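Trainee: The structure's right below; bear with me while I get my questions together.
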Amino acid sequence: MPSKENTEQRALKLVFDKGEEGLLQSELWKLLDVSSREGSRLAKKFEEKGKVIREKVLNEGRWTYKLFFKKEPVTLDSVAGCPCLICPEIDKCFRGGTQDPNVCLDLTAWLDPRIEPQPPQPQE
């Protein structure tokens, strides 16, 4: 059984992936394979946290909600502390490069505070 956190992450990704089209709340719980009650609770929770916008729509003669991912503007505060900004290897950082953002432990630790950053490695 998937964890609650994993289900929430999957739900937000589904809404995000729908973009400007949005995702019907009923589609969300069907895609997640959860009850309509649990799907509604997730949608309300995301709305309260400011992650999504729930818009009441008429779909096939029934009122329901359509979910849209709430885009937040990028600010200096949102990138403050990003290790990429001071990384001496930034010019070598790309998928498949000597540095790869997909496996960078410092970047991963910055994105997810539950992960401990790696101590600097001695230069050879």
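Every number in this text was worked out from the coordinates using simple rules, so none of it is lab data. Note that the structure is predicted; figures quoted are calculated from it, not measured. With ideal geometry, Cβ positions are generated from the backbone for all residues, glycine too; neighbour counts draw on all protein chains shown.
Trainee: What three numbers, in Å, describe the spread of the alpha carbons of segment 23-124 along their principal axes, ordered from the longest?
Mentor: Principal-axis extents of the Cα atoms in segment 23-124, largest first: 68, 29, 24 Å.
Trainee: Give me the dipole magnitude in Debye, nearest 20, for the chain about the Cα centre, with unit charges on the beta carbon: positive for Lys and Arg, negative for Asp and Glu.
Mentor: Dipole size: approximately 840 debye.
Trainee: By how many degrees, between 0 and 90 and to the nearest 10, does the Cα long axis of helix 4-18 differ from the longest principal axis of the chain?
Mentor: 80 degrees
Trainee: Based on the alpha-carbon gyration tensor of segment 22-65 and its eigenvalue square roots a ≥ b ≥ c, which shape applies: rounded if a/c is under 1.5, prolate if not and a/b is larger than b/c, or oblate?
Mentor: Here segment 22-65 falls in the oblate category.
Trainee: Can you list the lysines whose alpha carbon is less than 22 Å from that of Lys13, not counting same-chain residues fewer than 8 positions off?
Mentor: Lys4, Lys30, Lys44, Lys45, Lys49, Lys51, Lys56, Lys66, Lys70, Lys71
Trainee: Which percent of Cα-Cα pairs in segment 46-89 sits in each 10 Å bin, short to long?
Mentor: 23, 26, 23, 16, 9, 3
Trainee: Given 0.36 nm per residue, what is the gain on full extension from Leu14 to Asp91 after removing their alpha carbon distance, in nm?
Mentor: 24.4 nm
Trainee: How about segment 1-108: which trypsin sites (Lys or Arg not before Pro) there lie in a loop by DSSP and see at most 12 other Cβ atoms within 10 Å?
Mentor: Counting only loop positions with at most 12 other Cβ atoms within 10 Å, the trypsin sites (Lys or Arg not before Pro) in segment 1-108 are Lys49, Lys71, Arg95.
Trainee: Which value in nm describes the separation of the simple spin-label points at Asn6 and Leu111, placed 7 Å from the Cα toward the beta carbon?
Mentor: 1.9 nm
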